[in-house]
Amino acid sequence: MAVVIFKAIEKCNSNCIYCDVIKKHRDEIMNYDLLKLIFIRMNDYLIENPDENITFTWHGGEVCLLGPEYFKVALKLQNGYCGKTKSRIKHLVQSNLTLMNQEILDVFMKLGITQIGSSFEPIHNIRGFGKKRDSQTYNRKFIEGIKLLNRNHITWGVIYVVHRLSLKMPLEIFYFLTNLNTRSHPNFNQVKIYGEDQYNLAITGEEFADFLGAIFPVWYKNKERYPNVQPFSDLLRNIRDKDPGTVCECSGNCSYKWIYIGPEGETSQCGRAGDYNVLSYGNLVDNTFEEIMKNPQRNPLARRQSVLPLTECENCRFWGICHGGCPLDTFMTYNDFMKKSPRCDTTKIFIEKYFEPLTGLYADFPPELVAEKSI
């Protein structure tokens, strides 16, 4: 399955303290000619690859700044140019929900959207509007947004970004987020700060592992009540069932599947690569999806899966869990794809210190075992 991270707009109405997208100050919105070209390109790709599907993720910035008319045009273009293939295009949305309204939601539902990803922060003035990050107004509008989704039976989920201020209250944050949304449970991610840490929010891998470790016993005891808290549920499946790979950055399988498309038609590997201008695959005007998918700059991402088991990850019993970690994390840290991610240590610390002692399960998924299961 191909995954498209589509940023028709990078402008945002919020000013999240750890967000790098807003620092780019790009106000461009993809014009309708380029938007039409995307649907033509997707249709051509799906016809050439009859066994493939596309997951088309509307991302930003804040996508709702595009307004309902933009999504109506997208729906019309899909119906016009992907008549025989539109059933193989699945639309997803990432939104802060503060601008969500019924007119936009009606178009989303016509596009087949049944779930929306979001983020939330219970600690004040981390996410919010304006220079002072007005979180009170932001949170009120967010709650209005989720009420609208609930009325329309749209599933929504929250990614929570763990930063330095989060470390003081892991269980409080866990309970807040699971009570906020009883149907879809949070995904905990470590804050990613590659440049200047102006607000001292960065945390070490060990600190993130300890944050997760404070929550894990509660989750494990009540995992039927909280069935899909991440990364816990994926790790449990991964280790218990010897099921290699979890999320995209740990799958070891992202090399030829992802496409980032920016507001002016520029393409790259994924949202993170596009945000930091890494791995330019050319412009959509000049390249088909097939050409973008086969861009030779992708080859090192795939090659590291054969290099790392012979070098930094040799005999590592955690290989089938993280596969050396996200190649973009590695590149942003070391300017080199052939190293393991610095975040691999987080996985190791959490499993050895918290997961294995509590569950009695032992992570034993070295490269040779992953290779056997792949045959």
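The values are calculated or read from the model by the stated rules, or taken from the named source; none is laboratory data. Because the structure is a prediction, the values reported are computed rather than measured. Note: ideal-geometry Cβ built from the backbone for every residue, glycine included; neighbour counts use all protein chains shown. With ligands, DNA and RNA removed, areas are computed over all heavy atoms of the protein, side chains included. Shrake-Rupley method; radii C 1.70, N 1.55, O 1.52, S 1.80 Å.
Points worth noting:
- Some residue of region 312-322 being of a type outside the set (D, E, K, R) and open to solvent by 30 Å² or more (accessible area, probe 1.4 Å): yes
- Condition met for Asp210 (free of Cβ contacts under 8 Å to residues at least 40 places away in the same chain, open to solvent by less than 60 Å² (accessible area, probe 1.4 Å), outside any strand (DSSP E or B) and not hydrophobic (A, V, I, L, M, F, W, C)): no
Per-residue answers, yes or no, for (1) touching a residue at least 60 places away in the same chain (Cβ under 8 Å); (2) under 30 Å from Thr267 (Cβ atoms); (3) in a loop (DSSP other than H, G, I, E, B); (4) not charged (D, E, K, R):
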{"position": "Arg298", "(1), (2), (3), (4)": "no, yes, no, no"}
{"position": "Ser306", "(1), (2), (3), (4)": "no, yes, no, yes"}
{"position": "Asn315", "(1), (2), (3), (4)": "no, no, yes, yes"}
{"position": "Gly324", "(1), (2), (3), (4)": "yes, yes, yes, yes"}
{"position": "Ala363", "(1), (2), (3), (4)": "yes, no, yes, yes"}
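- Check on Thr346, under 19 Å from the mean Cα position of the chain (by Cα), farther than 24 Å from Thr204 by Cα and not in a loop (DSSP other than H, G, I, E, B): no
- A single entry from Arg183, Arg140, Arg151 fulfils the requirement of being modelled with pLDDT under 95 and either within 20 Å of the chain's Cα centre (by Cα) or within 18 Å of Ser95 (Cβ to Cβ) (or both): Arg183.
- Helices (runs of 4 or more DSSP H) wholly inside region 8-110 that include at least 3 residues being in contact with a Gly (Cβ under 9 Å, 6 or more places away or on another chain): 32-48
- Residue within region 284-294 that is under 22 Å from Gly325 (Cβ atoms) and touching a residue at least 40 places away in the same chain (Cβ under 8 Å) present: no
- Glu52 being touching a helix residue (DSSP H, G or I) at 6+ places or on another chain (Cβ under 8 Å), surrounded by fewer than 22 Cβ atoms within 10 Å (Cβ to Cβ), at negative phi and not small (Gly, Ala, Ser): yes
- Where Ile113 falls short, out of the listed (1) surrounded by 16 or more Cβ atoms within 10 Å (Cβ to Cβ); (2) part of a loop (DSSP other than H, G, I, E, B); (3) in contact with a helix residue (DSSP H, G or I) (Cβ under 8 Å, 6 or more places away or on another chain); (4) not charged (D, E, K, R): (3)
- Taking region 269-296 as the range and being at pLDDT 95 or above, in a loop (DSSP other than H, G, I, E, B), buried (at least 18 other Cβ atoms within 10 Å of the Cβ) and not polar (S, T, N, Q) as the test, the residues that pass are Tyr281, Leu284.
- Applying the criterion of being over 16 Å from the mean Cα position of the chain (by Cα) and assigned to a loop (DSSP other than H, G, I, E, B) to the residues of region 231-257, the residue that is modelled with the highest pLDDT is Tyr256.
- The set of residues in region 193-207 being at pLDDT below 95 and not in a loop (DSSP other than H, G, I, E, B) consists of Gly205 alone.
- Qualifying residues in region 26-51 (those that are within 16 Å of Asn283 (Cβ to Cβ) and free of Cβ contacts under 8 Å to residues at least 60 places away in the same chain) - the one nearest to the chain's Cα centre (by Cα): Leu35
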